[in-house]
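The values are calculated or read from the model by the stated rules, or taken from the named source; none is laboratory data. A quick note: this is a predicted structure, and the numbers were derived from the prediction, not measured. Positions of Cβ are generated from backbone atoms using ideal geometry, with glycine treated the same way; all protein chains shown enter the neighbour counts.
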Amino acid sequence: MSEPVSALGGAAYQGFCKVQEAGPVGMLTLRGNFASQVFVNAVKTSVGVAMPKVRAIVTEGDRSLAWMSPDEVLLILPHAELAAVRTRLTEALAGEHALVVDVSDARAVLTVSGAGAREVLAKLCPVDLAPDAFGPGEMRRTRAAQVAAAIWMSGEEEFTLIAFRSVAGYVMGLLTAAAAPGGEVGVFA
C-alpha cells in the first residue's frame, strides 16, 4: 500500500497568524438514519466518539465526529487507523441502511492559528465568528470565498478548515492573503 500524500506538501505561511496544511488525515463519511439506535450504537462502539448534535463536532482523543447534514457525519482520525476503523464500521452496520466511504484523498485539511485566526476566516466565510457566536464544539459547513468548506475550532486560538483537494492551492492562497501582515482589522479584539 502506498503512503498518503497531502495536497500541498505541508505548506505553511506565517503572517499575523499561521496558516498550515495539516498533512494526511483519515476521513470517513458515514451516512445513515440518526434516529436508529443500531446506527448510533454502531458508530459509538466502532469509533469511540458519541454522535454530535446539529452543527457540532465531538472530539475524543485523536478522533472527531462532525455533523455534516441530517443524515451524514464525518469521522476524522489518524490516517494509519483508517482501514481498521472502516472495516469495524462496515461490519457493525451490516444490515442497516448506511454508507461508510473513505474520503481522505478527496479533502485537504488546513489550520489557521494565532490571535487573528477568527479574523482571517471572517474575511472569507459568511459565518458569525464572534467568540459569543462560534466556540469550541461548533462546526459550520460554509464557503471560503467561492468554494465549499467546513470549519471548527480545534484549539483555543486555532481553527481547522476542510476543503476539496482540487481547490487546496486556491484555499491556501486565500488564507495566506487574508493573514498577510498589515491586514489586521482587530474586529474581534
If a residue has to be surrounded by 19 or more Cβ atoms within 10 Å (Cβ to Cβ) and not in a strand (DSSP E or B) to count, how many in segment 38-77 make the cut? 7
Evaluation of residue 17 against (1) outside the structural domain of residue 158 (by TED's automatic domain parsing); (2) at pLDDT 95 or above; (3) over 14 Å from the mean Cα position of the chain (by Cα) (one fails), failing number: (1)
Would you point out which residue out of 64, 46, 69, 6 is within 29 Å of residue 173 (Cβ to Cβ) and at pLDDT below 95? 6
Look at segment 83-119 and say how many of its residues are at positive phi and at pLDDT 95 or above. 1
Does at least one position in segment 127-146 carry a residue that is under 21 Å from residue 10 (Cβ atoms) and either under 19 Å from the mean Cα position of the chain (by Cα) or touching a residue at least 24 places away in the same chain (Cβ under 8 Å) (or both)? yes
List the number of the failed condition for residue 40; all other conditions in (1) free of Cβ contacts under 8 Å to residues at least 40 places away in the same chain; (2) in the same structural domain as residue 154 (by TED's automatic domain parsing) hold. (2)
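Does residue 80 fit the bill of being in the same structural domain as residue 34 (by TED's automatic domain parsing), outside any loop (DSSP other than H, G, I, E, B), hydrophobic (A, V, I, L, M, F, W, C) and surrounded by fewer than 18 Cβ atoms within 10 Å (Cβ to Cβ)?
Working: in the same structural domain as residue 34 (by TED's automatic domain parsing): yes; outside any loop (DSSP other than H, G, I, E, B): yes; hydrophobic (A, V, I, L, M, F, W, C): yes; surrounded by fewer than 18 Cβ atoms within 10 Å (Cβ to Cβ): yes.
Judged against the criteria, residue 80 is a match.
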Unique match (being among the aliphatic types (A, V, I, L, M), more than 26 Å from residue 51 (Cα to Cα) and surrounded by 15 or more Cβ atoms within 10 Å (Cβ to Cβ)) among 189, 179: 179
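Could you please find all residues in segment 1-29 being hydrophobic (A, V, I, L, M, F, W, C) and either in a strand (DSSP E or B) or under 25 Å from residue 88 (Cα atoms) (or both)? Steps first, please.
Residues of segment 1-29 hydrophobic (A, V, I, L, M, F, W, C): 1, 5, 7-8, 11-12, 16-17, 19, 22, 25, 27-28.
If the condition is that a residue be hydrophobic (A, V, I, L, M, F, W, C) and either in a strand (DSSP E or B) or under 25 Å from residue 88 (Cα atoms) (or both), then 1, 5, 12, 19, 25, 27, 28 are the ones that fit.
Of these, 100, 171, which one is in contact with a strand residue (DSSP E or B) (Cβ under 7 Å, 6 or more places away or on another chain), in contact (Cβ under 8 Å) with a residue 40 or more places away in the chain and either surrounded by fewer than 16 Cβ atoms within 10 Å (Cβ to Cβ) or in a strand (DSSP E or B) (or both)?
Details: 171 fails: either surrounded by fewer than 16 Cβ atoms within 10 Å (Cβ to Cβ) or in a strand (DSSP E or B) (or both).
The conditions single out 100.
Among the residues of segment 104-132 satisfying the criterion of being assigned to a loop (DSSP other than H, G, I, E, B) and either in contact with a helix residue (DSSP H, G or I) (Cβ under 7 Å, 6 or more places away or on another chain) or assigned by TED's automatic domain parsing to the domain that holds residue 63 (or both), which is nearest to residue 37 (Cα to Cα)?
If we filter segment 104-132 for residues that are assigned to a loop (DSSP other than H, G, I, E, B), which is where we start, we get 114-116, 123-132.
After this cut, where a residue has to be either in contact with a helix residue (DSSP H, G or I) (Cβ under 7 Å, 6 or more places away or on another chain) or assigned by TED's automatic domain parsing to the domain that holds residue 63 (or both) as well, the list is 123-124, 129.
Working: 123: 41, 124: 38, 129: 34 Å.
This residue is 129.
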Within segment 48-55, can one find any residue that is in contact with a Phe, Trp or Tyr (Cβ under 8 Å, 6 or more places away or on another chain) and either among the acidic types (Asp, Glu) or assigned by TED's automatic domain parsing to the domain that holds residue 154 (or both)? no
